[in-house]
Amino acid sequence: MSQATPSSRRQALKIFASLPMLPLGALSVSSLMAGCATPAGGAASAAAGTGSPFASASFVGMAAPSLANPAAMATTLVNSSLQVKLQDGSTRAFKLAYKPFFITGEQVPDGKGGTLLAGGYVNILNKPIIDKSVSGKERQFFSDCPDGTSLLQLANPKVPGIKGKAVFAVVQFEYANADQSGADAYGTLPSPIAVLTLDQDQATGALSLVKYHSVNTSEAQGMWITCGSSLSPWNTHLSSEEYEPDAQFIADNKQFKAFSKNLFGDEGVANPYHYGHLPEVTVNPDGTGSLVKHFCLGRISHELVQVMPDNRTVLMGDDATNSGLFVFVADKEKSLSAGTLYVAKLGTGFSINPADVGAKLSWIKLGHATSAEIEKMANTLKPSDIMTVLKADPLDASFTKVFHSGAANWIKVKPGMEKAAAFLETHRYAYLMGGSMGFSKMEGTTVNVKDKVAYSALQNIQDSMVKTGKGWNAASGIALDKALIAGGIMASALNGGQSDQTGAAIKSEWMPTAMRALLVGEDIAPDALGNLANPDKVSNPDNLKFSEKLRTLFIGEDSGTHVNNFVWAYNVDTKQLSRLMSMPSGAEATGLGVVDDMNGWMYITSNFQHPGDWQPKLHGKVQATLDPLVRANYNNRFGAAVGYLTADHTGVKLG
């Protein structure tokens, strides 16, 4: 082959010398790599513009860290690489790395010449909430649990200080693990959401933080435990509110009272029916953001939703015991303000063996509503107005026994309150209507558009999924003989032409119609490090995202079984599973996101939360060694990272 011209090679060297991004966008692959990849024979390929285009890519995984190098277990570790293949057979390998935008608790630029506390908590008046648990050390609460993240662009950004191109990220902060005294703070603070304005270097793809804007959530009555997220096809951030507070027994809920106290200054003000919905954040050209909460997608344990390519069909994760597979079909494209809510019913054959064909799915319509009418109901109705719920058998045939969060309830819907029950008491009503409410912690969802397959993460497979387990019911269609604590990932075929239980047509071409197991973990006896699940397999999957360009499913772990949690890549064609990244011990992998092409660069976002959250059974062999290291790295364990995977220039060798 002819040699690349000196000018084209100099340009490629200039870009590759400081390459921080996964080089799979149109610019880096089509233009640059075609001119400077090293063919198998060793000679340089043709000049830029006449070389071979991108063919495929695969990840080369890394080993899990061990106590042979304790420092590696106490931080983010990336020893993986990306292998890119062009259509002429030439290849290029890029060593991966991790770059944080910030560690929570740091002061970050507000875009106005001042700073803000990253992950800082504010009340309904947007005033700082102060941690007073240690006398003399009063400070604003900030989160150690960043989670869902969406990376996006706008057509006409208007943020000062941008030297390259403006890129925006929406980041939500799920909760604070503890106050300064060490007391549990989970779910007692209103979740913050921030818009980050990032400056994208056009020569390298590198992102740098220019502005941090705290989104005002007060008009939506604050946010409750915002977990996973996704980017809508219309370029908005779809948030979540998981573990909806049980309105029927809210008087006994100390956590919710503390939440109300921190948010409103009074433990009796917060209304439980305002939480457990789907918030949506729209980013403005000036780097600010606005938020609306949609009340018509069911009040469930929203974890992470996926909008299908029709801009109407929404597949929802439901992170709970006795959870279900829910779908919302919007009336209009690109609007979640009105639509129809469905719950799945499993046919025979449900299995977690990837060799089995799995079970068919049918759909039960729960109701149609607008967000405005359900919000009005939330504002005006008391739990007792909607249904009667008892924890003991009333020996009255007019009541129906259901399971809710692993416990038996006896329920009766009040006359005329079916719509209110469907959208405000969704778990109980879906069970009553015949939905398969037997899943345990169905978390992240994503879609493989080309193959019309949806993926759903079961963070664990236990309790209501196992015969004789907590909350198990034969009517769910799930009857496993034993638990699989390590969990797994289910794949669902997507089709049109479906009808609900009444025979009415479902107006969607993207309804799940059959579910089978794709990947499962493996429980083990404690190994030498303390792992309770095979460290070379996925365990307790949580975040899921799919890259169409790479044909790869990315998986983030929320594991109580791996000493270090990992981010994995699974190629759906080659079936290759590769470990990409290890989180600090005790931390959960969160904030997973994939953008195949943004101005020619590909991005994989990844955060972590609560580093050093030690569990004696799991971390007993490593805690003494790792705790001081984690504390030194992450602000005495109060800080956690928001960032992204990059390609490190040290792995690039030009021919």
Legend entry - Residue that is farthest from Val305 (Cα to Cα) [pool: residues in region 470-515 that are of a type in the set (Val, Ile, Thr) and not in a loop (DSSP other than H, G, I, E, B)]: Thr513
Inset, instruction - Scan region 201-215 and give yes if some residue there is of a type outside the set (Gly, Ala, Ser), under 18 Å from the mean Cα position of the chain (by Cα) and either assigned to a strand (DSSP E or B) or under 27 Å from Pro541 (Cα atoms) (or both), otherwise no. - result: no
Inset, instruction - Those residues that are surrounded by 21 or more Cβ atoms within 10 Å (Cβ to Cβ) and among the charged types (D, E, K, R), I need them from region 310-346; list them, please. - result: Arg312, Asp318, Asp319, Lys345
Legend entry - Hey, Trp234 surrounded by fewer than 20 Cβ atoms within 10 Å (Cβ to Cβ) and hydrophobic (A, V, I, L, M, F, W, C) or not: yes
Inset, instruction - Considering only residues that are buried (at least 19 other Cβ atoms within 10 Å of the Cβ) and either out of contact with any strand residue (DSSP E or B) (no Cβ under 9 Å at 6 or more places or on another chain) or of a type in the set (Phe, Trp, Tyr) (or both), look in region 453-474 and name the one that is farthest from Ala525 (Cα to Cα). - result: Tyr455
Inset, instruction - Name every residue in region 169-198 that is touching a Gly at 6+ places or on another chain (Cβ under 7 Å) and over 20 Å from Gly222 (Cα atoms), in order of residue number. - result: Thr197
Inset, instruction - Report, ordered by the first and then the second residue, all pairs with beta carbons closer than 8 Å, sequence separation of six or more or different chains, a first member in region 360-375 that is closer than 19 Å to Val413 by Cα and basic (Lys, Arg), and a second member that is assigned to a strand (DSSP E or B) and open to solvent by less than 60 Å² (accessible area, probe 1.4 Å). - result: Lys365/Thr340; Lys365/Leu341; Lys365/Tyr342; Lys365/Asp500
Inset, instruction - Report the residue count in region 64-103 for those that are at pLDDT 95 or above and polar (S, T, N, Q). - result: 6
Legend entry - Answer residue from region 230-284, given it is touching a strand residue (DSSP E or B) at 6+ places or on another chain (Cβ under 9 Å) and among the acidic types (Asp, Glu) and is farthest from Met442 (Cα to Cα) among those: Glu280
Legend entry - Candidates Val572, Val563, Val567 - the one that is touching a His at 6+ places or on another chain (Cβ under 9 Å), hydrophobic (A, V, I, L, M, F, W, C) and under 20 Å from Gly521 (Cβ atoms): Val563
Inset, instruction - Would you check if there is a residue in region 287-304 being out of contact with any Ser or Thr (no Cβ under 9 Å at 6 or more places or on another chain) and buried (at least 17 other Cβ atoms within 10 Å of the Cβ)? - result: yes
Legend entry - Residues satisfying the stated conditions in region 179-189, i.e. without any contact (Cβ under 8 Å) to a residue 40 or more places away in the chain and either open to solvent by less than 30 Å² (accessible area, probe 1.4 Å) or closer than 20 Å to Ala270 by Cβ (or both): Asp184
Inset, instruction - Considering only region 299-336, state which residues are among the small types (Gly, Ala, Ser) and over 21 Å from Trp234 (Cα atoms). - result: Ser301, Ala320, Ser323, Gly324
Legend entry - When residues of region 55-112 are limited to those that are free of Cβ contacts under 8 Å to residues at least 60 places away in the same chain and closer than 27 Å to Gly639 by Cβ, the one surrounded by the fewest Cβ atoms within 10 Å (Cβ to Cβ): Ala68
Legend entry - Residues of region 274-286 satisfying the condition of being within 19 Å of Glu242 (Cβ to Cβ) and open to solvent by 10 Å² or more (accessible area, probe 1.4 Å): His274, Glu280
Inset, instruction - Would you be able to tell me the number of residues in region 552-572 that are at pLDDT below 95 and either in a strand (DSSP E or B) or within 19 Å of Ser80 (Cα to Cα) (or both)? - result: 0
Legend entry - Members of region 173-186 found to be part of a loop (DSSP other than H, G, I, E, B) and within 20 Å of Glu138 (Cα to Cα), listed by number: Tyr175, Ala176, Asn177, Asp179, Gln180, Ser181, Gly182, Ala183, Ala185, Tyr186
Inset, instruction - Could you grab me the full set of residues in region 443-452 that are at pLDDT 95 or above and surrounded by 20 or more Cβ atoms within 10 Å (Cβ to Cβ)? - result: Thr445, Thr446, Val447
Inset, instruction - Mind listing whichever residues of region 448-485 are over 14 Å from Phe403 (Cα atoms) and aromatic (Phe, Trp, Tyr)? - result: Tyr455
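Quickly run through region 113-125 and pick out the residues that are open to solvent by 70 Å² or more (accessible area, probe 1.4 Å) and part of a loop (DSSP other than H, G, I, E, B).
Gly113, Leu125
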Inset, instruction - Would you mind stating whether Glu267 is touching a Lys or Arg at 6+ places or on another chain (Cβ under 9 Å) and within 17 Å of Asp184 (Cβ to Cβ)? - result: yes
Legend entry - Residue under evaluation Asp393, criteria (1) without any contact (Cβ under 8 Å) to a residue 60 or more places away in the chain; (2) within 18 Å of Asp246 (Cα to Cα); (3) acidic (Asp, Glu), criterion not met: (2)
Inset, instruction - Answer yes or no as to whether Gly349 is within 25 Å of Ala457 (Cβ to Cβ), surrounded by fewer than 19 Cβ atoms within 10 Å (Cβ to Cβ) and modelled with pLDDT of 95 or more. - result: yes
Legend entry - Check on Leu519, surrounded by fewer than 24 Cβ atoms within 10 Å (Cβ to Cβ), in a strand (DSSP E or B), among the hydrophobic types (A, V, I, L, M, F, W, C) and under 23 Å from the mean Cα position of the chain (by Cα): yes
Inset, instruction - Please specify each residue of region 475-499 satisfying the condition of being at positive phi and either open to solvent by 40 Å² or more (accessible area, probe 1.4 Å) or among the hydrophobic types (A, V, I, L, M, F, W, C) (or both). - result: Gly497
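The values are calculated or read from the model by the stated rules, or taken from the named source; none is laboratory data. Not measured: the values here are computed from a predicted model. Backbone-built Cβ (ideal geometry, glycine too); neighbour counts: all protein chains shown. In case anyone asks, the SASA skips ligands and DNA or RNA and just uses the protein heavy atoms, side chains included. Shrake-Rupley method; radii C 1.70, N 1.55, O 1.52, S 1.80 Å.
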